[in-house]
Amino acid sequence: MTPYHPFRSATAKEQYLKLYDIRVQKWPVDSQTRLVDTSYGQTFVRMSGPSGAPPLVLLHGAGGDSLQWIPNIEALSRSYRVYAVDNIYDYGRSIYRQSIKNPDDYVNWLDELFSVLQLGNNIKLMGLSYGGWLTSQYALRFPDRLDKIVLLAPAGTVLPIRLAWIMRAVLCFVPHRYFTKSFLFWLLEDLAQKDEASRIMLEEEVDAVFVRMRCYKPIRLVNPTVLADVELHSIKVPTLYIVGENEKICSAQKAIQRLHRVAPHIKTEVIRDAGHDVTFVQEDLVNTKVLEFLTQR
């Protein structure tokens, strides 16, 4: 591997890390960082909250990094030791040493990470979008290590991803900012229409996504699968599923209906005036729902 792996060049690495450092200044609470060695590579983890508090691990969405949790971290870190992870095989400061080829690779990487961090067997795990799918995969394999899980607008998992999403996402590989902006303003429509500050934030995210795609070597993520009825039913870890009513990757109503039918033990919440941007456009409500669930016994 090159000294600048996983970036396209040394210049690309410098450009991306400069952007990352600018964005991290918006992290609203004190934090410590650590590069954790696993057999899959070095995983970057940002830790916030009281050192002796129960562990809460956050997994971001595809094409993002742990800074996606900026709207939520202040509320979550009051009562928990929060570990915001840069996915080993995505953007961010993690550095993969081998390709992630299937869900088992992801699950094994996470389990190694939790062991090195010495998180024990009472972990609260929350994932957004692709991170929600990873959370469900881990819960199927290692339920005994988990206390509770939260699935925030998970990709796949409950329903297949809509064709409209796939077609728009593919256009983002055309190296022009227009296509990236068109996709994100469609996907995060509620955020785009909320107010001027939200629109500016979304424009900044368009720039960030475009820079990431130009700076990193191309990788192919594992497609997020849809869990079979028996798999959803077999998730015994207490689970909260949150989806915005205007979700674009799948029908929120059909997803809730399927969960009620095959896994009625999974708690569900539909958030009004939100879509795939649910953790941004309705961050206070999402934070409240999550914390209520995590503290219930």
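The values are calculated or read from the model by the stated rules, or taken from the named source; none is laboratory data. The shown structure was predicted, so the numbers you read here are calculated from the model rather than taken from an experiment. Cβ: placed from backbone, ideal geometry, glycine included. Neighbour counts: every protein chain shown. These area figures cover heavy atoms from the full protein model, side chains too; ligands, DNA and RNA do not enter into them. Shrake-Rupley method; radii C 1.70, N 1.55, O 1.52, S 1.80 Å.
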Do we have any residue at all in region 191-209 that's in contact (Cβ under 8 Å) with a residue 60 or more places away in the chain and assigned to a loop (DSSP other than H, G, I, E, B)?
no
In region 50-72, how many are farther than 20 Å from L17 by Cβ, open to solvent by less than 10 Å² (accessible area, probe 1.4 Å) and not in a strand (DSSP E or B)?
2
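Hey, any hits in region 234-251 for a residue that's in contact with a Leu (Cβ under 6 Å, 6 or more places away or on another chain) and part of a helix (DSSP H, G or I)? I'd like the intermediate steps shown before the answer.
Here is the first cut: in region 234-251, the residues in contact with a Leu (Cβ under 6 Å, 6 or more places away or on another chain) are 237, 241-242, 248, 250.
Those left that are additionally part of a helix (DSSP H, G or I): none.
No; the residues of region 234-251 include none that is in contact with a Leu (Cβ under 6 Å, 6 or more places away or on another chain) and part of a helix (DSSP H, G or I).
Name every residue in region 222-240 that is within 19 Å of R141 (Cβ to Cβ) and in contact with an Asp or Glu (Cβ under 8 Å, 6 or more places away or on another chain), in order of residue number. Walk me through how you get there before you give the answer.
If we filter region 222-240 for residues that are within 19 Å of R141 (Cβ to Cβ), which is where we start, we get 222-239.
Hits for region 222-240 are V222, V237, P238.
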L125 being buried (at least 18 other Cβ atoms within 10 Å of the Cβ), out of contact with any Asp or Glu (no Cβ under 6 Å at 6 or more places or on another chain), modelled with pLDDT of 95 or more and over 29 Å from I271 (Cα atoms):
no
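Just wondering, is there one or more residues in region 73-84 that are assigned to a strand (DSSP E or B), touching a strand residue (DSSP E or B) at 6+ places or on another chain (Cβ under 7 Å) and either of a type in the set (K, R) or surrounded by fewer than 23 Cβ atoms within 10 Å (Cβ to Cβ) (or both)? Before the answer, list the steps.
Step one: list which residues in region 73-84 are assigned to a strand (DSSP E or B), which gives 81-84.
Restricting the remaining residues to those that are touching a strand residue (DSSP E or B) at 6+ places or on another chain (Cβ under 7 Å) gives 81-84.
Checking which are either of a type in the set (K, R) or surrounded by fewer than 23 Cβ atoms within 10 Å (Cβ to Cβ) (or both) leaves us with 81.
The answer is yes, given that some residue of region 73-84 is assigned to a strand (DSSP E or B), touching a strand residue (DSSP E or B) at 6+ places or on another chain (Cβ under 7 Å) and either of a type in the set (K, R) or surrounded by fewer than 23 Cβ atoms within 10 Å (Cβ to Cβ) (or both).
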Within region 66-77, identify whether any single residue is charged (D, E, K, R) and more than 19 Å from L285 (Cα to Cα), and answer yes or no.
no
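Restricting the search to region 246-266, which residues are among the aliphatic types (A, V, I, L, M) and either farther than 30 Å from E196 by Cβ or surrounded by fewer than 17 Cβ atoms within 10 Å (Cβ to Cβ) (or both)? Talk me through it step by step, then tell me what you get.
The initial filter retains those residues of region 246-266 that are among the aliphatic types (A, V, I, L, M), namely 249, 252, 255-256, 259, 262-263, 266.
Within region 246-266, A255, I256, L259, V262, A263, I266 meet the criteria.
If I filter region 95-107 down to residues being assigned to a helix (DSSP H, G or I) and open to solvent by less than 30 Å² (accessible area, probe 1.4 Å), which single residue comes out as farthest from V57 (Cα to Cα)?
The initial filter retains those residues of region 95-107 that are assigned to a helix (DSSP H, G or I), namely 103-107.
Within this subset, residues satisfying the condition of being open to solvent by less than 30 Å² (accessible area, probe 1.4 Å) are 105-107.
Values: D105: 18, Y106: 15, V107: 14 Å.
Among those residues, the one meeting the criterion is D105.
Of V243, V226, which residue is under 17 Å from W69 (Cα atoms), in contact with a strand residue (DSSP E or B) (Cβ under 8 Å, 6 or more places away or on another chain) and either open to solvent by 30 Å² or more (accessible area, probe 1.4 Å) or modelled with pLDDT of 95 or more (or both)?
V243
Got a sec? Which of L117, L110, L134, L140 is open to solvent by 10 Å² or more (accessible area, probe 1.4 Å), in contact with a helix residue (DSSP H, G or I) (Cβ under 9 Å, 6 or more places away or on another chain) and more than 25 Å from Q15 (Cβ to Cβ)?
On the way: L117 fails: in contact with a helix residue (DSSP H, G or I) (Cβ under 9 Å, 6 or more places away or on another chain); L110 fails: open to solvent by 10 Å² or more (accessible area, probe 1.4 Å); L134 fails: open to solvent by 10 Å² or more (accessible area, probe 1.4 Å).
So the residue among L117, L110, L134, L140 that is open to solvent by 10 Å² or more (accessible area, probe 1.4 Å), in contact with a helix residue (DSSP H, G or I) (Cβ under 9 Å, 6 or more places away or on another chain) and more than 25 Å from Q15 (Cβ to Cβ) is L140.
Among the candidates E269, E292, E231, E283, which residue alone is farther than 20 Å from G131 by Cβ and either open to solvent by 10 Å² or more (accessible area, probe 1.4 Å) or free of Cβ contacts under 8 Å to residues at least 40 places away in the same chain (or both)?
None of the other options fit; the residue is E292.
What number of residues within region 25-49 satisfy the criterion of being outside any strand (DSSP E or B), under 24 Å from L291 (Cα atoms) and open to solvent by less than 60 Å² (accessible area, probe 1.4 Å)?
Initial filter on region 25-49 (outside any strand (DSSP E or B)): 25-31, 39-40, 49.
Okay, now just the ones that are also under 24 Å from L291 (Cα atoms), so 26-31, 49.
Next cut, open to solvent by less than 60 Å² (accessible area, probe 1.4 Å) only: 27, 29, 31, 49.
Count: 4.
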Given (1) open to solvent by 30 Å² or more (accessible area, probe 1.4 Å); (2) at pLDDT below 95, G92 misses just (1)
Looking only at region 139-161, how many residues end up being in contact (Cβ under 8 Å) with a residue 24 or more places away in the chain, assigned to a helix (DSSP H, G or I) and within 18 Å of H265 (Cα to Cα)?
3
Only residues that are closer than 19 Å to A252 by Cα and of a type outside the set (A, V, I, L, M): list them for region 147-167, please.
P154, G156, T157, P160, R162, W165
